[in-house]
Amino acid sequence: MADLALRAELANCNCIRMPGITLANPDQPEEFEAEMNLPCPAHGVRRLGRIMRLVFVKSSNAGRAEMSSPRLDELITTYEGRFVQADREDVL
């Protein structure tokens, strides 16, 4: 019975399984935020697989410089922190 209940619960899972990826575009951090805040009906916190952060490089006379996105950096850190917290709760 427990196995059947687990299978039924996992059937509703909307996590992105490995080796799946989620693209994180620094020009559109709100899209990543929407993905990371979409809960998984089976697990609560939705797993996004491997996060691939797009990097845009600005070229100028002084050379190349990576364009930063502090908002996206913050969102990725928050997302990753959720799993550290979830792991702690599982241990307790």
Next on the checklist: At R0 = 35 Å, how high is the FRET efficiency between Arg17 and Arg71 if r is their beta carbon distance? Nearest 0.05 is fine.
Outcome noted: 0.80
Checklist outcome for this item: Counting only residues 5 or more apart in sequence or on a different chain, those whose built amide H sits under 5 Å from that of Arg46 are Cys40
Checklist entry - What are the residues whose amide H is under 5 Å from the amide H of Ile51, where those residues sit 5 or more places off or on another chain and H is modelled from the backbone? => result Thr22
Checklist entry - Based on the Cβ-Cβ distance from Phe83 to Phe56, what FRET efficiency comes out when R0 is 41 Å, to the nearest 0.05? => result 0.90
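Every number in this text was worked out from the coordinates using simple rules, so none of it is lab data. No experiment lies behind these values; they were computed from the predicted model shown. No Cβ is skipped: glycine too gets one built from the backbone with ideal geometry, and neighbour counts run over all protein chains shown.
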